[in-house]
Each structure stands twice: as structure tokens, then as C-alpha cells.
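Colleague: Before I ask anything, let me first share the structure, which is written out below as C-alpha cells.
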Amino acid sequence: MKKYVFLVFVNILLFHFSTLAKNGSTPSGDTNYSIHKIPSELLKNANAVIRMDYTYFELKSKKKATVTRKYAITILNSKGDKHAQFREGYNDFRKIKSIKGFIYDKDGKQIKKIKKKEINDVSAVSGGH
């Protein structure tokens, strides 16, 4: 079995556009996702490592709020593949306005941008539409 490393970076925007991280960096300012930046004690017996998980909530008015979530996960092997999936619920009151995703190689270089056609909208309940 091939060993591989890639990073899934997803930026989720709920309700409507927000101006989180104007310069495109993470909340901490670190955009280097190289596997070499992960402390060795976190790699031992790990299948995936959460590099960042940030949620920003902004109350716009009594009836409107924006939630922006950014997270980055490094997948270390095939057992960590389940972490490469994005799931977010929505309904009439909670809408998803934007989803962005990127894949990076082991050196932290972006190798792919997730395309809109690669995102599937699947019902959370059987028999749903």
C-alpha cells in the first residue's frame, strides 16, 4: 500500500460572506502546512493531525449572523481518509453560501483547489431529497 500525505483545507462560510482572514492566512498567521512542521510526538501512531480548527461567529443584527469555519487536517495514511470528508448541515434558517477547499502536498505546496462540481449535496436522512 502506498503511503501518502495530503492536507485538506476547507473554508466554510455560512449565512453570507464575512471578512475573516483578509490576507488569506490562518488566524495564527501561519500558512505553512508542511508535514515537517508537525511535532514528531503528534505523528506517532497518528492517522491524521488537526493543524487548525477555527470558528468565527459574527452577530450582524437580531436576525442575521455569520459563521465562518476554517480548518486544516493533514492526512497521514489511508486510515485517516475519513477526515478528508466535509459535512455540514443546513436548512431554511441555516444556509451555506460558500465552500472552498484546497489540497496540499507533504511540503505544504498547494496542489489542487476543490472544484464546485466535486462537491456533492447529500441528504442526511434516508429517502430525503
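Colleague: When only residues in the range 30-44 that are in a loop (DSSP other than H, G, I, E, B) and among the polar types (S, T, N, Q) count, which is farthest from LYS97 (Cα to Cα)?
Modeller: In this case the residue turns out to be SER34.
Colleague: If you check LYS113 against the conditions, is it modelled with pLDDT of 90 or more and within 17 Å of the chain's Cα centre (by Cα)?
Modeller: In short, yes.
Colleague: How about the range 84-115: which of its residues are loosely packed, with under 12 Cβ neighbours inside 10 Å and more than 30 Å from ILE38 (Cα to Cα)?
Modeller: Of everything in the range 84-115, those that are loosely packed, with under 12 Cβ neighbours inside 10 Å and more than 30 Å from ILE38 (Cα to Cα) turn out to be GLY89, ASN91, ASP92, PHE93, LYS95.
Colleague: What pairs come out if I take residues in the range 45-57 that are under 11 Å from HIS83 (Cβ atoms) and free of Cβ contacts under 8 Å to residues at least 24 places away in the same chain and pair them with residues that are of a type in the set (D, E, K, R) and surrounded by 13 or more Cβ atoms within 10 Å (Cβ to Cβ) whose C-beta lies under 8 Å away, six or more apart or interchain?
Modeller: Close Cβ pairs satisfying both conditions: none exist.
Colleague: Tally up the residues in the range 71-113 that are more than 17 Å from ASN47 (Cβ to Cβ), part of a loop (DSSP other than H, G, I, E, B), in contact (Cβ under 8 Å) with a residue 40 or more places away in the chain and of a type in the set (A, V, I, L, M, F, W, C), please.
Modeller: Within the range 71-113, residues that are more than 17 Å from ASN47 (Cβ to Cβ), part of a loop (DSSP other than H, G, I, E, B), in contact (Cβ under 8 Å) with a residue 40 or more places away in the chain and of a type in the set (A, V, I, L, M, F, W, C) number 1.
Colleague: Does at least one position in the range 45-58 carry a residue that is over 14 Å from the mean Cα position of the chain (by Cα), outside any strand (DSSP E or B) and at pLDDT below 90?
Modeller: Within the range 45-58, none of the residues are over 14 Å from the mean Cα position of the chain (by Cα), outside any strand (DSSP E or B) and at pLDDT below 90.
The values are calculated or read from the model by the stated rules, or taken from the named source; none is laboratory data. Since this is a predicted model, take the numbers as computed values, not measurements. Virtual Cβ from ideal backbone geometry, glycine too; neighbours counted across all protein chains shown.
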